[in-house]
Amino acid sequence: MSGTNRINLTLKVWRQKAGKSKGNLAEYQAKEISTDMSFLEMLDVVNEYLTLKGEEPIAFDHDCREGICGMCGAVINGRPHGQEKGTTLCQLHMRHFKDGETVFIEPFKAKAFKNIKDLIVDRTAFDKIIQSGGFISANTGGAQDANAILISQKNADLAMDAAACIGCGACVAACPNASAMLFVSAKVSHLTLLPQGKPEAAARVTAMVNTMDDLGFGNCSNERECEAECPKEISIANIARLNREFIKAGFFKS
Amino acid sequence: MKLNSKIPSGPLSEKWDKHKFELKLVNPANKRKFTVIVVGTGLAGGSAAASLAELGYNVKNFCIQDSPRRAHSIAAQGGINAAKNYANDGDSIRRLFYDTIKGGDFRAREGNVYRLAQISNNIIDQCVAQGVPFARDYGGLLANRSFGGAQVSRTFYARGQTGQQLLLGAYSALSRQIGSGKVKMFARREMLDLVTENNRAVGIIVRNLINGDIEMHAGDAVVLCTGGYGNVFFLSTNAMGSNVTAAYRAYKKGALFANPCFTQIHPTCIPVHGDYQSKLTLMSESLRNDGRVWAPKDRGDKRRPDQIPEAERDYYLERRYPSFGNLVPRDVASRNAKAQCDKGKGVGETGLAVYLDFRDAIKRDSKEVIEKKYGNLFAMYEKITADDPYQTPMMIYPAVHYTMGGLWVDYNLMSAIDGLFVLGEANFSDHGANRLGASALMQGLADGYFVIPYTIGGYLAGVTPDKTPASAQIFTDAAKKCSERTKRLLSIQGKKTVDDFHKRLGLILWEYCGMSRNEQGLIKAKDMIAELREEFYQNVLVPGIDKDLNQSLERAGRVADFLEFGELMVTDALNRKESCGGHFNEAFQTEEGEALRDDENFCYAAAWEFTGEGKEPTLCKEPFEFENVKLTQRSYK
Amino acid sequence: MNWFIRVITASVGKKLLMALTGIFFIKFLLIHLIGNLTIYGGDEYFNAYVKHLHSLGPIITVLEFFMLFLAVIHISTGLLLFFQNLSARPFKYAVNKNGGGRTIGSSTMPYTGIFIFIFLIFHLINFHFVDKTNTTVFDIVSNAFANPIYVFFYVIAVAAAAFHVSHGFWSAFQTLGLNNVKYMPFIKKIGVTTSIIFGIGFGFLPIYIFIM
């Protein structure tokens, strides 16, 4: 922990009451913030202060705080999960901020992600997309020996690259069109790249794309903001793969 | 209470097969008449909910997160063990069984552990069928590695994200059932109580975390998969939301809590760096394969590590354990780190850390080789600490990681309450007093995919599906109590925040019921916890209202239960007058400072029965019988 | 619903329509540019090219209607996507920042598209649906580009088209699923090159004529 410093920040935090469709940016001072803190720990400190002052603390989603559960996320100064590349909000440290800086903290915004309260949004749309087809239909118990299926290391790696998605929704938040294509394509790619996923590939991609459309996400226009902001650095090559699979399923499969 | 473990008779390797045959089956047409409540969506809960729905049961599944995919199983890094013996290096079901029993310091049931080892192979098959992208060799076969000092390569892995991939596999199976309507998913719900009728689980009370509504859900059986209680220490590697409430409420309704003092402390975590710290981050213990652990020889040496000459460094693990050196088991490494810091030899700003130094390894193997092995871990360390481990030694300190104790269950995973099943980390587990690396994922999935689908049938075949409706008096009474509890927490309006109390509780337990314990300290801790609890109910400040999304209120409820549960941990630790695995009682150690078991008097599971508010719990013992293994003393000299 | 309609009305389907029609327009622009280069050959050379083109008769008419059809698809689908995308985020951020993916070309697609559409109408009225009985196309063109305002408007429109193509070209390949680590960098380079060729090729013509 070399060079621990204390900094003061002005926060502009989105506050929105539960059940209300409108909110506003409220201003708070974050004082004596250690640069070793994570962004969420900074919010903890502000919340402790607000609580003791008799104000309601800022509601925000978080759980594992080690960058894997995908629960946290907010738009910091216009960037989902903040400006650091390949980083979730819980792994963003305050040493990346300057003393005296004003920090805007807004929730992910999209029609498909309804705001629940303050920085908390409803991302169940992602679950619905997976429920429509993001799986391999393998009931428990019927599996053959694991080594009976050979998978090239290359494909296993590519599948793993896509499967690393944590479903945080930053891609939707970052997309100028609030499209969910990176998320959907990551799951489609993960399963399509594996031989186990092939039998259902056509039905899967069609169902998932249709569900995504129905839920009110925007259309992909290849702006690549999702890829730039994804904390797991999922590639848009997956989106191309989804497109390919969708076209194949739509035109060449009966 | 007399405990019946219901372990089937017969040879060890035939017990499970025999038992499966003897379990009664539920007619397929009847399965759809039964509703099973599954609480939790981690490896155990997700796999159980999916598998039960596949069988035809109606499943109601609950989780506190916004999505079932976020359960904390997701954070497991290392891997999952299985006795496949793909590496042809002498592994077998029997060896995995033996390693697990011995690793757990002989405080687990032979029958359960053997079953776990048997099932381990099916898990890998099932996960591959679901599309879990395990690491592969060039030829396309599954890759294995050795993990946590095991002498065979039996660990399957998906980069450093094995837990995530296994959970996403279970989540996808679960999602498929949600999509088909067989599972009804209730996210952002927290279980506040178990509803029982004549010592039979008939439903649960949950709080809707979005709007604060208290909801009542009836079922023919309840399956708790709510994880461990490591967060009782406030700082742990657990997720922020992990808590003991569901398990503790079940305990108060008649389920027994077994071995709560068995907690595992992981030696290689990133040290605490300030009071505001909210959680600890684990780094794979594989780091100890090449890193050398040391502390300065002199107390309070505040020099930079590179300014401390070789002669003034104490490589204490290598010195004390010449043959195992830096690779001693987790508990030994952790205890020694604490001992150094207690002597004032700790390093870093807080003095609560020791060095893990790669200087010599880099000199020996080159930076490239070390980077290839540990590049991602070094990057993670640098991200959090802003220190470069290639230049300056890492600082590490132990952290609470896993809890072996949990609700007591029999061979069918059923607790002392009929129809209440407990799976995964939430049950007192197959890991005895200490869990081996890469075994937690194995147990969670074994319970969910391959044990509960059979054993729940054995239970449901004996009951009629005319369940008590959620509108019944027992439900409304229980719901009323839950809302009274939340109202009480809100009404105190004291001067200290919930986290304030939680942190203080954590410090008490860390100090007196952590890596090493002694009677005097435990007695002191018990009083301190009772005092803290009293203060909590007088002086806690919970802002907001109950009919709203109120995260402070959620935490307050969890901390209220931790404040009671912490005392139970201490009670259990006081009772266990021996040292074993995660429980190290300073009065019981070998001359070499190793844990000294007392197999004569303590070879049992200590299952605690709730006897009423403010009363001491009753101890029920389930003796462990070992017919197939010989109890030995660990030594790492 | 018919399977075909179902596929092309999905989000990916709509993008597919944009990509296929877009690729056609890029091809058209390429041919159009090659034809236009005959202007540098002077009056007779250019008029000869126009004459040859018109001599193709019904083929050209068919092609014109086909292009009109594609234009209707491209423009209507584009507008539909634009409005759907606008409505996908009803509440805007207070702070908007580029994460590093967007380019000028990509973030202005709908606007350059609309501008090109307006220009196209103007362009057709001026050069296509004009009475050509007593004059040659070359004269019409030189007269038009004698006006600096028209030159300016034309150059701006060409620049918009160049930006539109700079994103549209590789984007079409991405949409068609033809993104592969091996050749995607190459496709991106061709896209940029094409847009520069269009920009300079079309953009310099009016200036050339104006100066002449």
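Counting only the backbone N, which residues of the range C:177-207 are under 15 Å from the spot 7 Å out from the Cα of residue C:34 toward its beta-carbon?
C:198
Pull up all non-local amide H partners of residue B:394: gap of 5 or more, or a different chain, and H-to-H distance under 5 Å with H placed in the peptide plane.
Here the answer is B:356, B:358, since their amide H atoms fall under 5 Å of that of residue B:394.
Report, in degrees rounded to the nearest 10, the 0 to 90 angle that the Cα long axis of helix B:93-103 makes with the longest principal axis of chain B.
Once rounded, one gets 70 degrees.
Which residue, B:226, B:431, B:455, has the largest displacement toward the positive end of the dipole of chain B when charges sit on each Cβ (Lys, Arg +1; Asp, Glu -1)?
The one lying farthest along the dipole's positive direction is B:455.
Which ordering of B:282, B:619 is given by a fewest-first count of other beta-carbon atoms within 10 Å?
On the way: B:282 20, B:619 15.
Least crowded to most crowded, the residues run B:619, B:282.
Within a Cβ distance under 15 Å of residue B:221, other residues only, what is the Lys/Arg minus Asp/Glu net charge? List each step's numbers first, then the result.
Details: positive: B:24, B:31, B:32, B:33, B:60, B:200, B:253, B:467; negative: B:197, B:220, B:410, B:418, B:447, B:466.
With Lys, Arg at +1 and Asp, Glu at -1, the neighbours total +2.
Can you give the Rg to Rh ratio of chain B, both from alpha-carbon atoms, with Rh computed by the Kirkwood formula?
The Rg/Rh ratio comes out at 0.95.
Based on Cβ point charges of +1 for Lys and Arg and -1 for Asp and Glu, what charge dipole magnitude is obtained for the protein assembly as shown about its Cα centre, in debye rounded to the nearest 20?
Working: 124 positive and 111 negative charges, 365 e Å.
Rounded to the nearest 20 debye, it is 1760 debye.
Can you give the three extents of the C-alpha atoms in chain A along their principal axes, from longest to shortest, in whole Å?
Here the spans come out as 63, 42, 37 Å, largest first.
Across bins of 5 angstrom width beginning at 0, how are the C-alpha pair distances of the range A:6-116 distributed, in whole percent?
So the P(r) values, bin by bin, are 2, 12, 21, 27, 21, 12, 4, 1.
How many nm is it between the label spots at residue A:26 and residue C:80, if each spot is 7 Å from the Cα in line with the beta carbon?
Computed distance between label sites residue A:26 and residue C:80 equals 4.4 nm.
Taking the alpha-carbon set of the protein assembly as shown, what are its Rg and Dmax in Å?
Considering the protein assembly as shown through its Cα atoms, Rg and Dmax are 32.6, 118 Å.
Dipole of the range B:267-398, Cα-centred, from +1 at each Lys and Arg C-beta and -1 at each Asp and Glu C-beta, to the nearest 20 debye? Could you put the intermediate results ahead of the total?
On the way: 23 positive and 21 negative charges, 63 e Å.
Charge dipole, the range B:267-398, about its Cα centre: 300 debye, nearest 20.
Can you give me the long-range amide H partners of residue B:184? Hydrogens built in the peptide plane at 1.01 Å from N, cutoff under 5 Å, separation of 5 or more residues or another chain.
So residue B:184 has HN proximity to B:59, B:60, B:61.
Can you list the residues, at least 5 places off or on another chain, whose amide H is less than 5 Å from the amide H of residue B:548, using H built in the peptide plane?
Sorted by chain and number, the residues that satisfy this are B:212.
Among the GluC sites (Glu not before Pro) in the range A:180-243, which ones are in a DSSP loop with at most 14 other Cβ atoms within 10 Å of the Cβ? Mind listing them? Mind dumping the intermediate values first?
Numbers: sites: A:200, A:223, A:225, A:227, A:229, A:233; in loops: A:223, A:233.
Here the GluC sites (Glu not before Pro) that fit, given the DSSP loop and packing criteria, are A:233.
Starting with the fewest neighbours, write out C:167, B:273 ranked by other beta-carbon atoms found within 10 Å of each beta-carbon.
Working: C:167 24, B:273 21.
Placing the least packed residue first, the sequence is B:273, C:167.
How would you rank C:45, B:98, B:397, going from fewest to most other Cβ atoms within 10 Å of each one's own Cβ?
Working: C:45 13, B:98 17, B:397 24.
Going from sparsest to densest Cβ surroundings: C:45, B:98, B:397.
Between the range B:611-637 and the range B:120-143, what is the C-alpha centre distance in whole Å?
36 Å
State the answer as a single residue: which of C:175, C:145, C:22 lies farthest towards the positive end of the charge dipole of chain C, with beta carbon charges of +1 for Lys and Arg and -1 for Asp and Glu, about the Cα centre.
C:175
Kindly provide the helix-only [θ] at 222 nm of the protein assembly as shown, computed as the sum of -39,500 (n - 2.57) over DSSP H runs of four or more divided by all residues, to the nearest 500 deg cm²/dmol?
Working: 35 runs with 471 residues, N = 1103.
One gets -13500 deg cm²/dmol as the mean residue ellipticity at 222 nm.
What FRET efficiency do you get for residue C:207 and residue C:65 if R0 is 41 Å and r is their Cβ-Cβ distance, rounded to the nearest 0.05? Don't jump to the answer; show the numbers that get you there.
Values: r = 33 Å, r/R0 = 0.79.
Given R0 = 41 Å and the Cβ-Cβ separation, E is 0.80.
Which entries of A:253/B:182; C:27/C:189; B:496/B:524; B:503/B:621 have Cα-Cα distances beyond 25 Å here? Please report the intermediate quantities before stating the final value.
Values: A:253/B:182 29 Å; C:27/C:189 17 Å; B:496/B:524 23 Å; B:503/B:621 32 Å.
Long pairs (Cα-Cα over 25 Å): A:253/B:182; B:503/B:621.
With angles folded into 0 to 90 degrees, how steeply does helix B:473-492 sit against the dominant principal axis of chain B? Use alpha carbons for both and round to 10.
In chain B, helix B:473-492 runs at an angle near 40 degrees to the longest axis.
Positive end of the charge dipole of the range B:267-398 (Lys, Arg +1 and Asp, Glu -1 on Cβ, about the Cα centre): tell me which of B:278, B:350, B:333 has its Cα farthest that way.
The one lying farthest along the dipole's positive direction is B:333.
Could you pull the Cα extents of the range B:473-611 along its three principal axes, largest to smallest, in whole Å?
58, 37, 22
The range B:155-209 to the range B:248-273: how many Å between their Cα centroids?
What the calculation gives is 20 Å, centre to centre.
Are there trypsin sites (Lys or Arg not before Pro) in the range A:1-77 that DSSP puts in a loop and that have at most 12 other Cβ atoms within 10 Å, and which ones?
Details: sites: A:6, A:12, A:15, A:17, A:20, A:22, A:31, A:53, A:65; in loops: A:17, A:20, A:22, A:53, A:65.
Within the range A:1-77, the qualifying trypsin sites (Lys or Arg not before Pro) (loop, at most 12 other Cβ atoms within 10 Å) are A:20, A:22, A:53.
Placing +1 at every Lys and Arg Cβ and -1 at every Asp and Glu Cβ, with all other atoms neutral, what dipole size does the range B:473-611 have around its Cα centre, in debye to the nearest 20? Provide the component values of the computation, followed by the final result.
Working: 19 positive and 26 negative charges, 199 e Å.
That gives the range B:473-611 a dipole magnitude of about 960 debye.
For a 24 Å ceiling on Cα separation, which of these pairs sit above it: A:17/C:92; B:372/C:188; B:363/B:637; B:18/B:253? Could you put the intermediate results ahead of the total?
Details: A:17/C:92 18 Å; B:372/C:188 33 Å; B:363/B:637 27 Å; B:18/B:253 32 Å.
Those over the limit are B:372/C:188; B:363/B:637; B:18/B:253.
Which of A:12/A:109; B:60/B:252; B:343/B:577; A:22/A:109; A:22/A:117; A:31/A:114 have a Cα-Cα distance over 21 Å?
Values: A:12/A:109 16 Å; B:60/B:252 23 Å; B:343/B:577 25 Å; A:22/A:109 12 Å; A:22/A:117 10 Å; A:31/A:114 31 Å.
Correct reply: B:60/B:252; B:343/B:577; A:31/A:114.
Ignoring trypsin sites (Lys or Arg not before Pro) that are buried or in helix or strand per DSSP, and keeping those with at most 12 other beta carbon atoms within 10 Å, what is the longest stretch of chain C between them? Before the final figure, lay out each step's value.
Numbers: sites that count: C:92, C:182.
Answer - C:1-91.
Just in the range B:554-637: which chymotrypsin sites (Phe, Trp or Tyr not before Pro) are loop by DSSP and have at most 14 other Cβ atoms within 10 Å?
Values: sites: B:562, B:565, B:584, B:588, B:602, B:604, B:608, B:610, B:624, B:626, B:636; in loops: B:584, B:588, B:610, B:624, B:626, B:636.
Counting only loop positions with at most 14 other Cβ atoms within 10 Å, the chymotrypsin sites (Phe, Trp or Tyr not before Pro) in the range B:554-637 are B:626.
Quick note: the coordinates plus some simple rules give every number you see, no bench work behind them. For clarity, every value in this text was computed on a predicted model and none was experimentally measured. Virtual Cβ from ideal backbone geometry, glycine too; neighbours counted across all protein chains shown.
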